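Novice: Structure in structure tokens, see below.
Every number in this text was worked out from the coordinates using simple rules, so none of it is lab data. The structure displayed is predicted, hence computed values, not measured ones. Cβ coordinates were reconstructed from backbone atoms using ideal geometry, including for glycine residues, and neighbour counts include every protein chain displayed.
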Amino acid sequence: MKKVVSTMLRHGVAPSLLVVASVAGATELRVTGKIVPDACLPVFSDAGVVDYGPISSERGAAKILSKKIFSLSVSCALPSRLALRLIDNRESAPIPQMQTVAMRNRSKKHLFGLGAESGQNAGAYIVSFEPAHPKATPPAMLESATGINATQWMLSSDNAIRKNVLYAWDAEHKIHPGGTLTFEVKLSIQAVIDSADNTQEKEDASLNGSATFELLYL
């Protein structure tokens, strides 16, 4: 309820009005948001699905499947310094014989799991960067020498992607990632499935590989 009180200044001639209001209630106004870099959009060919279809397993030996090629393109609103990382969502202990066939001079960090409906891997796969077109001058491929901190970079000597490692590109060959608006890279999947003797499923077994692709702002 409002009260209006009038009074006269002792030495003045103008009246003064004082408005007094009681508070009936209060609430909070919040202003929120998040400042982020200009968005960069990653897109895989075929929606990021590599399908081998029906595969016949063999007894006595692991089986190497044909290599599949797919592409990754990234477009940014403004030049951005980026890195990518692959995280295996199906990681578990590989079967020794299959691991020997799949690795071929690779380490366990190169092997991504192909699912395990019975608690055992059905196989594994290796993801690799494919060489650029011969007529093009490719940027240098870098990998972080300081882990996720990415404060130091070095030239990558291996096209096969290792789990949880940051990779970037350097168009000016200064061993430091530069800003980019767009880039496209060809990737390949080389898969191997375990021998039928080691597979616990007696019926059809599905390959169920899954990896999370992270695009990181540097």
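Novice: Give me the one-decimal nm value for the distance between modelled label points at N159 and F44, 7 Å along each residue's Cα-to-Cβ direction.
Specialist: 2.0
Novice: While we're looking at this one, here's another question. Roughly speaking, what is the stretch gain from Y217 to A77, that is 0.36 nm per residue apart minus the C-alpha to C-alpha distance, in nm to one decimal?
Specialist: 49.1 nm
Novice: Considering amide H positions built from the backbone, and no H for Pro or chain starts, which residues 5 or more places from E130, or on another chain, come under 5 Å of its amide H?
Specialist: K186, L187, S188
Novice: With the crude spin-label approximation of a point 7 Å out along Cα→Cβ, what separation in nm comes out for S206 versus Y52?
Specialist: Once both label points are built, they end up 1.6 nm from each other.
Novice: Next question. Using the beta-carbon distance between R30 and L181 and R0 = 35 Å, what value does 1/(1 + (r/R0)^6) give for FRET efficiency, to the nearest 0.05?
Specialist: Taking R0 as 35 Å, the efficiency between R30 and L181 is 0.50.
Novice: Now, a different point. Which entries of K67/K174; K108/K174; K67/K108 have Cα-Cα distances beyond 21 Å here?
Specialist: With Cα atoms farther than 21 Å apart: K67/K174; K108/K174.
Novice: I would also like to ask the following. Using the 10 angstrom Cβ neighbour count as an exposure proxy, how do W169, W153 rank, fewest first?
Specialist: Lowest to highest Cβ neighbour count: W169, W153.
Novice: Can you give me the distance in nm between label points at K68 and N89, each placed 7 Å from the Cα along the Cα-to-Cβ direction?
Specialist: About 1.4 nm, to one decimal.
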